[in-house]
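Only one structure is covered here, and it is reproduced in the block below.
The numbers here are math on the coordinates, done by the rules we state, and not lab data. Worth saying up front: this structure is predicted, and the values here are computed from it rather than measured. Cβ atoms come from the backbone with ideal geometry, glycine included; neighbour counts cover every protein chain shown.
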Amino acid sequence: MRYAAAFAIAVAWIAVAGATERGGQSSASASTATRHPALAGAQNDATCASCHTDITTRKVLHGPVAVGTCLRCHTLNQAGDRVAIGLANGATSENTAPLCVTCHEDMAARLKQAHVHAPVAAGGCTVCHDPHGSAFPFQLRAQRNEACLTCHEDVAEALRLKVLHVPAAASCVLCHDPHASPFPAQTRQRLNGLCLSCHAPEAFTPDDETPTGRRAWQRALAAAGLSGSRRHIGLNAVGAAGHPVYGHPVQGVRDPLEKGRELTCVSCHNPHGAAGGALFRFGAINVSGLCIKCHSLLAMPKEP
Ligand code: HEC
Ligand code: HEC
Ligand code: HEC
Ligand code: HEC
Ligand code: HEC
Ligand code: HEC
Ligand code: HEC
Ligand code: HEC
Ligand code: HEC
């Protein structure tokens, strides 16, 4: 429900943004509309651009717009005074994916991964990207994290808490692929490798099953001005135990509080922000407040 409401707000916000850009006219029915003003003579890419100059004058232009090929994406049917403009390849306003993947072929394959981000699965590429251009990299409709937080109010809330996770404030896409990945929550690497790529002791080689590969990951880190963390945790040679206390497992056992899930870094830490401690979950503000959450359920651990 929360997401449905946020989605509706985001879509409404985009409609308003679109209308403002074009001087107040509504864009609500762009692809299905049949009320395009009558056009004299034969039309081509150049004639489109001659009237729609607002589209071709943005800071970051989408490739095909930069070279003026409007009719790669728009269909045109002219019969006398009636002009109908639609979208190519069966795309609709809500589901533009069939159009986008005609050129972005790799994306079609990427969308077959196990975990696809909900708005992407619905084909809503233009929820985040303006099809023509915008002021922001990748023709995004908003700057960096704003492109995510308009829908994810719970994460925005976490980022307003006392303890902030530095990479989350820097860039959501450091850890999440905005489109799809083989891992839950579209993370770029499997847990715990994701966390250990920044927090492992130098000698430890983390899991590297990323959809885009290690090089892309490191480029993303560099772009966000991060190369890792100064806070390295101690773990045994296979990275399975040894934190936060000697012998404590960090994987390979069940999470007592999350049915069907393995214990991982996020069993104890919120990856975005928290009220206290070292990003502790459950609102815990100190170590004992955290331990008790599980160890009041588990048999008391033996003295080491
Ligand atoms: C003579 C000027 C002119 C030309 C040439 C022109 N348009 Fe338009 N177009 C307009 C106006 C005016 C509107 C309505 C106001 C608005 O929504 O911006 C419009 C609306 C649109 C819309 C949104 C409404 C709808 O009917 O879907 C699209 C999409 C569009 N034009 C695409 C194109 C394409 C593609 C071409 C080239 C084949 C083109 N236009 C050529 C003036 C023009
Ligand atoms: C990559 C595909 C693509 C290209 C290239 C493209 N458009 Fe569009 N255009 C779209 C999509 C998708 C929409 C949104 C349609 C909808 O919401 O129904 C759209 C909407 C529009 C609209 C109406 C809404 C708005 O944003 O103003 C106009 C006008 C328009 N396009 C004109 C053009 C013109 C002129 C060109 C060439 C300079 C062009 N388009 C090139 C995909 C494209
Ligand atoms: C007609 C072919 C074509 C279509 C259709 C198309 N694109 Fe593109 N797109 C391109 C080209 C060409 C580039 C520029 C290539 C580059 O810079 O790597 C590009 C670049 C992009 C980029 C920036 C990539 C980067 O690395 O900077 C994004 C984001 C993007 N397109 C999204 C979309 C979306 C969303 C749609 C559907 C609404 C779409 N594209 C449809 C051809 C297309
Ligand atoms: C939830 C928002 C969102 C949606 C929906 C979305 N994208 Fe993106 N996309 C992004 C962001 C953010 C980036 C920049 C990623 C980065 O900085 O690494 C991006 C980057 C891209 C790129 C260039 C880099 C790359 O990963 O290849 C392409 C191409 C692209 N998107 C196409 C698409 C297409 C096609 C769709 C629909 C199937 C789509 N996007 C839907 C947010 C989104
Ligand atoms: C238009 C609204 C919208 C935007 C913008 C958006 N998301 Fe989402 N996101 C959703 C919806 C809806 C879901 C599905 C929620 C669910 O299933 O509980 C979702 C799910 C997710 C999930 C997975 C949640 C889970 O438990 O599996 C992650 C991670 C995520 N989004 C990250 C991002 C990031 C990063 C961005 C920015 C690049 C972003 N989102 C932008 C609507 C959006
Ligand atoms: C340091 C890595 C990291 C960064 C950066 C990050 N996340 Fe996450 N995020 C995760 C992990 C790991 C999970 C899975 C948590 C779980 O399974 O309990 C997650 C879960 C989520 C979820 C689903 C659960 C929830 O809390 O609603 C959403 C939505 C989400 N992230 C959005 C975002 C957004 C938006 C940003 C940027 C402001 C962001 N994330 C930045 C690692 C990260
Ligand atoms: C992109 C690198 C990066 C990734 C990935 C990453 N972190 Fe961090 N983390 C940092 C940085 C930077 C800090 C800030 C401390 C510092 O400068 O060393 C930090 C701080 C922390 C802190 C201490 C917070 C405090 O204020 O006490 C915890 C706990 C933490 N991270 C847990 C995690 C977990 C759990 C994950 C996986 C979900 C994760 N980190 C993934 C970079 C990263
Ligand atoms: C059983 C709960 C638990 C698990 C699982 C866990 N942590 Fe922690 N973590 C803690 C506690 C408690 C602290 C605070 C220790 C202290 O203050 O002495 C902490 C502190 C940290 C810090 C801050 C260290 C510093 O020097 O300030 C980082 C970084 C961190 N954890 C990362 C991780 C990563 C990465 C994982 C997964 C491999 C992980 N944690 C798994 C409980 C946990
Ligand atoms: C998210 C749940 C969770 C939290 C929070 C948690 N633990 Fe654990 N702990 C476990 C699990 C699961 C085991 C393994 C139990 C088993 O093997 O039966 C464990 C095992 C232990 C052990 C035994 C380790 C060994 O050598 O076998 C100790 C000691 C321990 N925990 C102490 C702590 C302390 C101290 C804290 C707070 C800093 C804490 N735990 C927080 C889940 C948790």
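Distances between placed amide hydrogens fall under 5 Å for residue 83 paired with 36, all partners being 5 or more residues away or on another chain.
Sort 162, 293 so the one with the fewest other Cβ atoms within 10 Å of its own Cβ comes first. Mind showing how you got there, number by number?
Details: 162 10, 293 17.
By the 10 Å Cβ count, ascending, the order reads 162, 293.
Ordering 92, 264 from the fewest to the most neighbouring beta carbons within 10 Å gives 92, 264.
Remark: spin-label model distance residue 285-residue 95 equals 5.0 nm, labels positioned 7 Å along the Cα→Cβ axis.
Would you mind ranking 296, 181 by Cβ crowding within 10 Å, fewest neighbours first?
On the way: 296 9, 181 24.
Listed from fewest to most nearby Cβ atoms, that is 296, 181.
Our estimate of slack between residue 84 and residue 72, defined as 0.36 nm per intervening residue step minus the Cα-Cα distance, is 2.8 nm.
I need the calculated FRET efficiency for the pair residue 46 and residue 108, taking r as the beta carbon distance and R₀ as 25 Å, to the nearest 0.05. Walk me through the intermediate numbers first.
Details: r = 30 Å, r/R0 = 1.22.
Computed FRET efficiency for residue 46 and residue 108: 0.25.
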